1. Inside region 228-254, can you point out the residues that are more than 13 Å from residue 268 (Cα to Cα) and among the hydrophobic types (A, V, I, L, M, F, W, C)?
2. Within region 139-168, work out how many residues are farther than 27 Å from residue 24 by Cβ and either in a helix (DSSP H, G or I) or within 20 Å of the chain's Cα centre (by Cα) (or both).
3. I'm checking my understanding of the structure. Among residues of region 186-197 that are touching a strand residue (DSSP E or B) at 6+ places or on another chain (Cβ under 8 Å) and not aromatic (Phe, Trp, Tyr), which one is farthest from residue 167 (Cα to Cα)?
4. If only one of 25, 12, 17 is of a type outside the set (A, V, I, L, M, F, W, C), within 14 Å of ligand 1 (Cβ to nearest atom) and surrounded by 19 or more Cβ atoms within 10 Å (Cβ to Cβ), which one is it?
5. Looking only at region 249-275, how many residues end up being among the small types (Gly, Ala, Ser) and without any contact (Cβ under 8 Å) to a residue 40 or more places away in the chain?
6. Restricting attention to region 60-81, does a residue exist that is within 14 Å of ligand 2 (Cβ to nearest atom) and either in the same structural domain as residue 159 (by TED's automatic domain parsing) or surrounded by fewer than 20 Cβ atoms within 10 Å (Cβ to Cβ) (or both)?
7. Among the residues of region 50-88, which ones are under 18 Å from residue 120 (Cβ atoms) and touching a Gly at 6+ places or on another chain (Cβ under 9 Å)?
Amino acid sequence: MVIKKVGVIGCGLMGHGIVQVAAQGGCSVIALETEQRFLDSGLARIEKSLAKLAEKNVEKQKMTAEQAKAWVSEVRARISGSLDRRALADCDLVVEAIVEDLPVKLALFKELGSICKKETIFASNTSSFSIGEMAGASGRPDRMVGLHFFNPVQLMKLVEVVRTKDTSDESFAAARAFGEACGKTPVACKDTPGFVVNRLLVPYMAQSLMMLERGDATKEDIDAAMQLGCGYPMGPITLTDYVGLDTTLAIIEGWVKRYPKEPAFAIPEVLRTKVKEGKLGRKTGEGFYKWEGDKKV
Ligand code: CAA
Ligand code: NAD
């Protein structure tokens, strides 16, 4: 099965990037949101990102200015927006990228199961929840996969393709091919908590916050240490701001509840406090650092 028409539910930090790379890969894409203002803001981010990528392509002489302009118009023409889930009825693939809240995701997949044509493949971009559980809610476990993209979607080259015991070979192959069409390198993962990347990355981010709580080092020094000592592009505390403190907390809280005996899953108190204060990181202009747009200040 070749994926030509894609629905992306949620046009936030991750969703807008998935809409964009799918359109860049030649798919026709519908972005679905709950309110017009969220849809507008997601589509505006896509415009900004496309303009930046076009500028870079011209700078690197991969395209002439005219070709870049035509490329942006072509990609843009493949994207539409909607607030009505029924618009996704005849999509070949629907990718969910809404808030990291399992009951909300389960309710969504249940509804999608009754809206979409029977061939539609469902995917979740969840950071931490079980794809199998969502598959149960969708009523079509053979056609459910995880498609876990990385932030910022436009620049990160990986997609984790997650299969459950019920995912059919055909659905898995179609999802993998879609990831490649989006310009990503797919890796196959089992349906385990955090798949490959987050199972390693999120406990590391949490440990860096506990280090900060203990006063072992300043946030700047922790970040500099991991950037300069390990060659990471961002330190773990900047990365937590980048991912979103609410999303990071939701991931660890879900794991702590479900796997209380796993010592690697522990919630740093400072993370709870910041989220309570509404300091969610880059997206609200402040987390552990202050941000102006995409830049740390
Ligand atoms: N679209 C287009 N262009 C973009 C962009 C976007 N979305 N985001 C950034 N850029 C551009 C910038 O404008 C910049 O352009 P200029 O050079 O012209 O200024 C260029 O890309 C480089 O960006 P930065 O200046 O910000 O510098 P950078 O070299 O640090 O690159 C980065 C940014 C690629 C994000 C890099 O810092 C990085 O790889 N960081 C680590 C990110 C990471 O670990 N992501 C995974 C998070 S975990 C996750 O996603 C899973 C989960 O479930 C939580
Ligand atoms: P976000 O808060 O930036 O965006 C979520 C969007 O979904 C919002 O715009 C919201 O209006 C919309 N939404 C919520 N409920 C909806 C519904 N029922 N129908 C349609 N739209 C709805 O969150 P995000 O950071 O983009 O995370 C989205 C998903 O991607 C989560 O599952 C998260 O764990 C996962 N993820 C996040 C990152 C990251 O770095 N932030 C990386 C990989 C995966």
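1. Those that are more than 13 Å from residue 268 (Cα to Cα) and among the hydrophobic types (A, V, I, L, M, F, W, C): 228, 230, 234, 239, 243.
2. Summing the residues that are farther than 27 Å from residue 24 by Cβ and either in a helix (DSSP H, G or I) or within 20 Å of the chain's Cα centre (by Cα) (or both) in region 139-168 gives 3.
3. 197
4. Values: 25 fails: within 14 Å of ligand 1 (Cβ to nearest atom); 12 fails: surrounded by 19 or more Cβ atoms within 10 Å (Cβ to Cβ).
Exactly one of 25, 12, 17 is of a type outside the set (A, V, I, L, M, F, W, C), within 14 Å of ligand 1 (Cβ to nearest atom) and surrounded by 19 or more Cβ atoms within 10 Å (Cβ to Cβ), namely 17.
5. Residues flagged as among the small types (Gly, Ala, Ser) and without any contact (Cβ under 8 Å) to a residue 40 or more places away in the chain within region 249-275 amount to 0.
6. Restricting attention to region 60-81, the residues satisfying the condition of being within 14 Å of ligand 2 (Cβ to nearest atom) are 81.
Okay, now just the ones that are also either in the same structural domain as residue 159 (by TED's automatic domain parsing) or surrounded by fewer than 20 Cβ atoms within 10 Å (Cβ to Cβ) (or both), so 81.
Looking through region 60-81, at least one residue is within 14 Å of ligand 2 (Cβ to nearest atom) and either in the same structural domain as residue 159 (by TED's automatic domain parsing) or surrounded by fewer than 20 Cβ atoms within 10 Å (Cβ to Cβ) (or both).
7. Correct list: 82, 85, 87, 88.
For every residue, the table says whether it meets (1) among the β-branched types (Val, Ile, Thr); (2) farther than 25 Å from residue 113 by Cα; (3) more than 18 Å from the chain's Cα centre (by Cα); (4) part of a helix (DSSP H, G or I).
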site: 1; (1), (2), (3), (4): no, no, yes, no
site: 29; (1), (2), (3), (4): yes, no, no, no
site: 41; (1), (2), (3), (4): no, yes, no, yes
site: 57; (1), (2), (3), (4): no, yes, yes, yes
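The values are calculated or read from the model by the stated rules, or taken from the named source; none is laboratory data. Note that the coordinates shown come from a computational prediction; the quantities given were computed from them, not determined experimentally. Here Cβ is always computed from backbone atoms with ideal geometry, including for glycine, and neighbour counts include all displayed protein chains.
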